[in-house]
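The values are calculated or read from the model by the stated rules, or taken from the named source; none is laboratory data. The model shown is predicted, which means the values in this text are computed figures rather than measured ones. Cβ placement follows ideal geometry from the backbone for every residue including glycine, while neighbour counts extend to all protein chains displayed. Only protein heavy atoms, including side chains, enter the accessible area calculation; ligands, DNA and RNA are left aside. Shrake-Rupley method; radii C 1.70, N 1.55, O 1.52, S 1.80 Å.
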Amino acid sequence: MENLINIFIKSIFIDNMVFAFFLGMCSYLAVSKTVKTSVGLGIAVIFVLGITVPLNYLLNKYILVSGALTWVDPSFADVDLSFLSFIMFIAVIASLVQLVEMIVEKFAPTLYSSLGIFLPLIAVNCAILGGSLFMQERDYGTLAEATSFGLGSGLGWFLAIIGIAAIREKIRYSNIPAPLRGLGITFIVTGLMGIAFMSFMGIKL
Amino acid sequence: MSDKEPLFSAKNRKLLKNPLGSDNPITVQVLGICSALAVTAKLEPAVVMSLSVMAVLALANVIISLIRNTIPSRIRIIVQLVIVAALVIVVDQILKAFAYEVSKQLSVFVGLIITNCIIMGRLEAFALGNRPWPAFLDGIGNAAGYGLILIIIAFFRELLGSGSIYGFKVIPQAFYDMGYQNNGLMILPPMALITVGIIIWVQRSRDKSLIESN
């Protein structure tokens, strides 16, 4: 249990998707103009990460890694399909995003229209695929650990986008040098937020 | 478009040249930021990453452009993802075979070329509506624009952060003896973001038409 909480906290603050690995920056920069849309996208990302990481964990453990296929037949013991992991992971993600899109369209039409093109773009959000690839690389031992990592990373991304959206709403009223307006200042503010988040590295878990 | 158009007509040259400056994928179109920042602490991975993206983007553009009239628009995202993922698997295997050290440094970011927004963005915006040769040039041009920014960032980060360029020490030992120290902050992730911010600042003060209203 303690282990799960450690992974959760670590993936939110220390290994934050945006500030430590720059994942999901495209939608992070494009959608973060207002807090309202950011909350919607952030929740969608938590949801998708929380489901795809454990799903891909099972896929990885029982189909892809070397020796995973022994449950079919012992003669498959040295089959290693891990080179197929990119294509399998992306297929799971793309189909799940399609599902989320249909659910949001049915139950929250206003959110659906305000997110516009960015909902399907979650499929190509690097944070989502990155979550699965990190899960594979770090070799989490159990399904619960993978789930905790997925949810934690999603929450970390959510925090980051809410933070930058709140700052950007206020920054509109300040006098920034013209060439730096918009994209430039957003990058610099994100960098400063990143430096702030680095102070969490001191936490020993 | 007539078939007799020369291969490097003015229009085609523009496809190659614009992404380097006024239509740069990273600083103007805001595509492909994630990988751009993560692999730039040293020059070598940045160069390898740029070349990989160039190979994948140019080939994916050509393939999508060749089959663009046969893809039903409802499932085009999945079709694009499958083609890109297949190309990335090939690149990843080649890197593992011939440049194992670099592929270790790039870690998950080779796989993330699949979700690099430059690729999807260019496929959607260009390859779906153009013939293979312009699509190929567009791919090369955009990947070069992406690589250019990557190399600028990596150059400064490696120079200031490790005192070397492409692995060779350039800051003489005498400087260190006099008390010069590497700026460790440049190696850390946040400085990559600030470096991009500064590049955008410089670019937009030179080209006023790119300035955003807010």
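Quick notes
- The protein assembly as shown - charge dipole about Cα centre, Lys and Arg +1 at Cβ, Asp and Glu -1, debye rounded to 20: 1320
- Accessible surface calculations at 1.4 Å, restricted to protein heavy atoms, place segment B:1-153 at 42 Å² per residue.
- Residues of segment B:31-57 whose accessible area, computed with a 1.4 Å probe over protein heavy atoms, drops by at least 40 Å² once all protein chains are present relative to their chain alone are B:33, B:34.
- Signed unit charges on C-beta, dipole axis of the protein assembly as shown, positive-most listed residue A:171, B:144, B:120: A:171
- Lysine pair number, Cα distance threshold 27 Å (strictly under), chain A, separation 8 or more or different chains: 7
- Sequence-separation-based contact order of chain A, relative, with Cα cut under 8 Å and 6+ spacing, percent: 41
- Within a straight-line Cα-Cα reach of under 26 Å, residue B:11 can be paired with the following lysines, leaving aside sequence neighbours fewer than 8 residues apart in one chain: B:208.
- For segment B:193-209, backbone phi angles converted through the Karplus equation (6.51, -1.76, 1.60; θ = phi - 60°) give residue-by-residue couplings of 4, 5, 4, 4, x, 5, 4, 4, 4, 4, 4, 6, 6, 7, 10, 5, 5 Hz, Gly and Pro being listed as x.
- Taken per residue, the accessible surface of segment A:1-199 reaches 42 Å², heavy atoms only and a 1.4 Å probe.
- Accessible area of chain A belonging to carbon and sulfur atoms, whole % at 1.4 Å probe: 70
- Amide proton proximity set for residue B:165, modelled H, under 5 Å, gap of 5+: B:170
- Degrees between helix B:132-162 axis and first principal axis of chain B (Cα, 0 to 90, nearest 10): 10
- Top of B:155, B:136, B:168 by mean-square fluctuation, Gaussian network on chain B, Cα under 10 Å: B:168
- Share of carbon and sulfur in the accessible heavy-atom surface of segment B:25-203 [1.4 Å probe, %]: 70
- Total accessible area lost when B and A pair, probe 1.4 Å, Å² to nearest 100: 3700
- Residue B:68 accessible area, 1.4 Å probe, all protein chains in place, Å² to nearest 10: 60
- Sites excluded, trypsin sites (Lys or Arg not before Pro) in DSSP loops with at most 14 other C-beta within 10 Å, longest stretch of chain A: A:1-171
- Shape category assigned to the protein assembly as shown from the gyration tensor of Cα positions, a/c cut at 1.5: rounded
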